[in-house]
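*Asks:* This is the structure, below, for whatever I ask next.
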Amino acid sequence: MSMLQTKRSAVALLFVGLLAWSGGLPRVVAQAPPASSSAADPAEPQQIPRRVAIRFLTDSDYPPFNYYDEDNVLTGFNVDVARAVCLELAAACDIQVRPWSELLPALRRGETDAVIASHAVSSNALKIVDFTDRYYHTPARFAGKRSAGRLDATPEGFEGKKIAVTKGTAHEAYLRTFFRDSSIRAFDTPELARDALISGATDLLFDDGIALAFWLNGTASKACCEFKGGPFGEPKYFGDGVAIAVNREDPQLKMLINAALKRMRESGRYEELVLRYFLVRAF
């Protein structure tokens, strides 16, 4: 899930499904998320004891969501959302970085209070953790060489094509289920998968649509490639939106964060963060 660093640019018009959560922003393809990711909460937020501090975990190589900037400062949309949540709750914010694969296990062991790293709300994830309300949606997309021209992004259209994907992701599982007649090449990192497309070792790349948009419009892609076909948003594989992961044994924190997200939306703070990173007005 970790993604190659690129500078943010005005590529929001390439996104499909981002930010359906925000009432004040345009909705693109994705359906509006439900008010809550689980059953009704048993108490009002004002009845819950406040938290003096909230510990968040994230990873550091998924720009523009969580990454180190040129000054080696942790930043990104997810990082700023976490800080804004803490500000709303008058809580100290402790944001630490771990590799993607260690995030949810650390949460289950009680080594952090919450994980904000663009985890999709899926049935599998809900078996081990709980989630707050969704705060954005993201589809999966194919990318291919510009020189390849228009392609039919279907299992039949990609029969025999070599497709790069990051190993162990929902994107790999989706390909192996629906694109079985393609030659699927799984790589350990997104960077290696992207390098395979640039070098011509593969014909296509299948990955997170938002991160792909930034890569395609950044210098790292060397202007090699473009989106091929439309978005893929099956909830079974790509989740029903993206949310903050919390421990199932800590429903109070979930309620507090949900209340903070709601206030951020109502005050306009959420939209400010969106515009800082995604320039959504380009839609």
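The values are calculated or read from the model by the stated rules, or taken from the named source; none is laboratory data. All of these numbers come straight from a predicted model, not from anything done at the bench. Methodologically, a virtual Cβ is constructed for each residue, glycine included, from the backbone with ideal geometry; neighbour enumeration extends over all protein chains shown.
*Asks:* Taking region 141-160, which residues are surrounded by fewer than 22 Cβ atoms within 10 Å (Cβ to Cβ) and part of a strand (DSSP E or B)?
*Replies:* Answer for region 141-160, where residues must be surrounded by fewer than 22 Cβ atoms within 10 Å (Cβ to Cβ) and part of a strand (DSSP E or B): just Lys145.
*Asks:* Here's another thing I want to ask about it. Within region 171-196, how many residues turn out to be modelled with pLDDT under 95, surrounded by fewer than 20 Cβ atoms within 10 Å (Cβ to Cβ) and part of a helix (DSSP H, G or I)? Show your work before the answer.
*Replies:* So in region 171-196, the residues modelled with pLDDT under 95 come out as 188-191.
So of that shortlist, the ones also surrounded by fewer than 20 Cβ atoms within 10 Å (Cβ to Cβ) come out as 188-189, 191.
This time we only want the ones that are part of a helix (DSSP H, G or I), so: 191.
Counting residues in region 171-196 that are modelled with pLDDT under 95, surrounded by fewer than 20 Cβ atoms within 10 Å (Cβ to Cβ) and part of a helix (DSSP H, G or I) gives 1.
*Asks:* Looking at Ile163, is it in contact with a Ser or Thr (Cβ under 6 Å, 6 or more places away or on another chain), β-branched (Val, Ile, Thr), outside the structural domain of Pro49 (by TED's automatic domain parsing) and assigned to a strand (DSSP E or B)?
*Replies:* yes
*Asks:* Continuing with this model, one more query. Please find, within region 241-256, the residue that is surrounded by the most Cβ atoms within 10 Å (Cβ to Cβ) out of those that are part of a helix (DSSP H, G or I) and either out of contact with any strand residue (DSSP E or B) (no Cβ under 6 Å at 6 or more places or on another chain) or modelled with pLDDT under 95 (or both).
*Replies:* Out of the qualifying residues, it is Leu256.
*Asks:* Just checking, how many residues over region 246-283 are of a type in the set (A, V, I, L, M) and over 16 Å from Ala84 (Cα atoms)?
*Replies:* Here the count works out to 4.
*Asks:* Against the conditions (1) of a type in the set (A, V, I, L, M, F, W, C); (2) in contact with a His (Cβ under 8 Å, 6 or more places away or on another chain); (3) farther than 26 Å from Val242 by Cα, where does Leu197 fall short? Just the number, please.
*Replies:* The single condition Leu197 does not satisfy is (2).
*Asks:* Ok, one more. Out of Arg98, Arg55, Arg109, Arg83, report the one residue that is without any contact (Cβ under 8 Å) to a residue 12 or more places away in the chain and over 24 Å from Gly209 (Cβ atoms).
*Replies:* Arg109
*Asks:* Filter region 113-128 for residues that are touching a strand residue (DSSP E or B) at 6+ places or on another chain (Cβ under 8 Å) and not polar (S, T, N, Q) and give the result.
*Replies:* The answer is Asp113, Ala114, Val115, Ile116, Ala117, His119, Ala120, Val121, Ala125.
*Asks:* So, Ala259, is that one in contact with a helix residue (DSSP H, G or I) (Cβ under 8 Å, 6 or more places away or on another chain), over 18 Å from Ala117 (Cβ atoms), not assigned by TED's automatic domain parsing to the domain that holds Ala148 and not β-branched (Val, Ile, Thr) or not?
*Replies:* Yes.
*Asks:* Out of Ala92, Ala164, which single residue is among the aliphatic types (A, V, I, L, M) and surrounded by fewer than 20 Cβ atoms within 10 Å (Cβ to Cβ)?
*Replies:* Working: Ala164 fails: surrounded by fewer than 20 Cβ atoms within 10 Å (Cβ to Cβ).
Answer to the check: Ala92.
*Asks:* I want to confirm something. Restricting to region 121-140 and keeping residues that are among the hydrophobic types (A, V, I, L, M, F, W, C) and in a strand (DSSP E or B), which single residue is nearest to Arg265 (Cα to Cα)? Steps first, answer last, please.
*Replies:* Taking region 121-140 and keeping what is among the hydrophobic types (A, V, I, L, M, F, W, C), we get 121, 125-126, 128-129, 131, 140.
Among the residues that remain, those that are also in a strand (DSSP E or B) are: 131, 140.
On the way: Phe131: 18, Ala140: 26 Å.
That would be Phe131.
*Asks:* Of the residues in region 100-125, how many are under 15 Å from the mean Cα position of the chain (by Cα) and at pLDDT 95 or above?
*Replies:* Of region 100-125, the ones under 15 Å from the mean Cα position of the chain (by Cα) are 100-101, 103-104, 115-122, 125.
Now narrow it down to the ones that are at pLDDT 95 or above: 103-104, 115-117.
Total meeting the criteria: 5.
*Asks:* Let me ask something else about it. Of all residues in region 105-120, which are crowded, with 18+ Cβ neighbours inside 10 Å and either in a helix (DSSP H, G or I) or on the phi > 0 side of the Ramachandran plot (or both)? Lay out the reasoning, then the answer.
*Replies:* The first filter runs over region 105-120 and keeps only residues crowded, with 18+ Cβ neighbours inside 10 Å, leaving 107, 112-120.
Within region 105-120, Leu107, Ser118 meet the criteria.
*Asks:* Under 7 Å between Cβ atoms, which residue pairs at least 6 apart in sequence (or on different chains) link something in region 189-209 that is over 12 Å from Cys224 (Cα atoms) with a partner that is crowded, with 22+ Cβ neighbours inside 10 Å and polar (S, T, N, Q)?
*Replies:* Once the first residue is over 12 Å from Cys224 (Cα atoms) and sits in region 189-209, its partners that are crowded, with 22+ Cβ neighbours inside 10 Å and polar (S, T, N, Q) give Thr189/Thr166; Pro190/Thr166; Ala193/Thr166; Asp207/Thr166; Asp208/Thr138; Gly209/Thr138.
*Asks:* Could you tell me whether any residue of region 218-240 is of a type outside the set (A, V, I, L, M), out of contact with any strand residue (DSSP E or B) (no Cβ under 8 Å at 6 or more places or on another chain), surrounded by 20 or more Cβ atoms within 10 Å (Cβ to Cβ) and at pLDDT below 90?
*Replies:* For region 218-240, residues of a type outside the set (A, V, I, L, M), out of contact with any strand residue (DSSP E or B) (no Cβ under 8 Å at 6 or more places or on another chain), surrounded by 20 or more Cβ atoms within 10 Å (Cβ to Cβ) and at pLDDT below 90: absent.
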